[in-house]
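Asks: If you scroll down you'll find the structure; I have some questions about it.
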Amino acid sequence: MSRRYDSRTTIFSPEGRLYQVEYAMEAIGNAGTAIGILSKEGVVLVGEKKVTSKLLQTSTSTEKMYKIDDHVACAVAGIMSDANILINMARVQAQRYTYAYQEPMPVEQLVQSLCDTKQGYTQFGGLRPFGVSFLFAGWDKNFGFQLFMSDPSGNYGGWKAAAIGANNQAAQSMLKQDYKDDITREEAVQLALKVLSKTMDSTSLTSDKLELAEVFVLPSGEVKYQVRSPDSLSKLLVKFGVTQAPAEAS
Amino acid sequence: MECVFGLVGNGFAIVAADTSAVHSILVHKSNEDKIMILDSHKLIAASGEPGDRVQFTEYIQKNVALYQFRNGIPLTTAAAANFTRGELATALRKNPYFVNILLAGYDKETGPSLYYIDYIATLHKVEKGAFGYGSYFSLSMMDRHFHSGMSVEEAIDLVDKCIMEIRSRLVVAPPNFLIKIVDKDGAREYAWRESVKNDVAA
């Protein structure tokens, strides 16, 4: 019955739904999970890698995490080629702002401008929506550390902890139970790894199946975005006891 | 013969501008306000082509207001100054604005600041600045008497000294001046310095 309202993004169904947008979100439901957690001292982003091969150059390229500007990074879930376009748009927007105001772009404004672009693809032009959800992690002088989640509809929200991609509902409810407002940076990393290990299909977690990145402030006051090296990540997995199968995890 | 000058003191910034609106040899009025209140804590003192002056400063004022409505936070003085310079720079090689600006502001985190922005989109953060023929006199007076962290009384005294020099030494000196101040409590009018009274308000 709803088939006749599928093909165009620019029309509502009689029930008031935009099917193309919903189908885009379906596509993301098959992608690798990404989790973001906000703490007092930073934001941690963790992602499940779908493409695991010894041949992949892990030191130079990342699959899930991308730096937008010196003070903002994002994790993606969905169609990677769509994500690349949007990441580039976000990077241009951030530089355009800095060009005009000689200041870093406030995180929410960056997210909002990207979401305004995404919204355009749900209303006019006849083009399909982007099949990507984002978790934006950043710092600005107005509101400190922030975490935002956005989806193909162009909606976004500020979160203390959020999950996108496969099993995101399960991850989100686990986060809801275990998150506390005064969580420290280290506890946030631990929680993120724990939740990811429980929602992932694989029986054991190794560093080549994950990516972990953090946005935090150095003692000098500079904002840093850092992706954990595979070795450092392995050590963390052992430390938090998540390298075994989920049944034995702490 | 427009005169605009300003300086930064201890926790405040002050700007003074003459108030004559002139067309060729005719003085239209001598109580024209050339110091626009950009937002709660910013002032723009502008001189130059009268039409451009009003058009450009209102354009900046409305864009600054729009930013605040859209984003819920005000622009910093530095961001507003850079935005203003950018607009002048973009228009420069097509349809330039002949307006010189002294942008004074107060930010909670960084205190008072003053920006010198000329009509060809030069931007300098300064402690004292001036435009026009009057600058020959006001800059020299400020070079002699200015020091960092002046009190309001000291600064007003220096402003009055500058006005005195301009009045006595500039051949077609403007009769009246307006002084505005911006500090933690906001941007507001401070005083007039009139030698020719105008009965009718602007």
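The values are calculated or read from the model by the stated rules, or taken from the named source; none is laboratory data. Worth saying up front: this structure is predicted, and the values here are computed from it rather than measured. All Cβ positions, glycine included, derive from the backbone under ideal geometry; neighbour counts span all protein chains shown.
Asks: Can we say B:S24 is of a type in the set (S, T, N, Q) and without any contact (Cβ under 8 Å) to a residue 40 or more places away in the chain?
Replies: yes
Asks: Between residues in the stretch A:119-146 that are over 18 Å from A:V44 (Cβ atoms) and residues that are basic (K, R), which pairs lie under 6 Å by C-beta distance while being six or more apart or on different chains?
Replies: Sorted first by the residue in the stretch A:119-146, then by its partner, the pairs are A:F130/A:K118.
Asks: Which of (1) surrounded by fewer than 22 Cβ atoms within 10 Å (Cβ to Cβ); (2) modelled with pLDDT under 95 is the odd one out, the single condition A:K160 does not satisfy?
Replies: Single failed check for A:K160: (2).
Asks: Quick one: in the stretch B:42-56, of everything that is out of contact with any Phe, Trp or Tyr (no Cβ under 7 Å at 6 or more places or on another chain) and either assigned to a helix (DSSP H, G or I) or at positive phi (or both), which residue is farthest from the other protein chains (Cβ to nearest Cβ)?
Replies: B:P50
Asks: Quick one: A:Q119 ticks every box in (1) touching a Leu at 6+ places or on another chain (Cβ under 8 Å); (2) closer than 30 Å to B:R70 by Cβ; (3) of a type outside the set (G, A, S) bar one, so which box is it?
Replies: Condition not satisfied by A:Q119: (1).
Asks: Let me ask something else. Is it the case, given these coordinates, that A:A31 is part of a loop (DSSP other than H, G, I, E, B) and surrounded by 24 or more Cβ atoms within 10 Å (Cβ to Cβ)?
Replies: yes
Asks: Further question on the same structure: Being within 14 Å of another protein chain (Cβ to nearest Cβ) and farther than 21 Å from B:K180 by Cα is true for just one of B:F98, B:F83. Which residue is that?
Replies: B:F83
Asks: The conditions are (1) under 21 Å from A:I164 (Cα atoms); (2) at the interface with chain B (Cβ under 10 Å from one of its Cβ atoms); (3) surrounded by 19 or more Cβ atoms within 10 Å (Cβ to Cβ), and A:Q112 fails exactly one of them. Which is it?
Replies: (3)
Asks: Right, here's the next one. How many residues are in contact with a Ser or Thr (Cβ under 9 Å, 6 or more places away or on another chain) and either modelled with pLDDT under 95 or surrounded by fewer than 19 Cβ atoms within 10 Å (Cβ to Cβ) (or both) when one looks only at the stretch B:133-160?
Replies: 0
Asks: Considering only residues that are away from every other protein chain (no Cβ under 14 Å), among the polar types (S, T, N, Q) and in a loop (DSSP other than H, G, I, E, B), which ones fall in the stretch A:115-162?
Replies: Within the stretch A:115-162, A:T122, A:Q123, A:S153, A:N155 qualify.
Asks: Please enumerate the residues belonging to the stretch B:57-80 that are of a type in the set (S, T, Y), in a helix (DSSP H, G or I) and within 10 Å of another protein chain (Cβ to nearest Cβ).
Replies: B:Y67
Asks: If you don't mind, there's one more thing I want to ask. Does A:M174 satisfy being closer than 11 Å to A:I35 by Cβ and over 16 Å from the mean Cα position of the chain (by Cα)?
Replies: Yes, satisfied.
Asks: Considering only residues that are touching a Phe, Trp or Tyr at 6+ places or on another chain (Cβ under 8 Å) and buried (at least 17 other Cβ atoms within 10 Å of the Cβ), look in the stretch A:115-127 and name the one that is nearest to A:A213 (Cα to Cα).
Replies: Per the stated criteria, the residue is A:C115.
Asks: While we're looking at this one, here's another question. Consider only pairs whose beta carbons are under 7 Å apart and that are at least six residues apart or on different chains; among these, list those whose first residue lies in the stretch A:232-250 and is closer than 14 Å to A:E187 by Cα and assigned to a helix (DSSP H, G or I) and whose second residue is hydrophobic (A, V, I, L, M, F, W, C) and modelled with pLDDT of 75 or more.
Replies: A:L236/A:V189; A:L236/A:L193; A:L237/A:L193; A:L237/A:L205
Asks: So, one more: Quickly run through the stretch A:51-108 and pick out the residues that are of a type in the set (F, W, Y), within 14 Å of chain B (Cβ to nearest Cβ) and crowded, with 16+ Cβ neighbours inside 10 Å.
Replies: A:Y97, A:Y101
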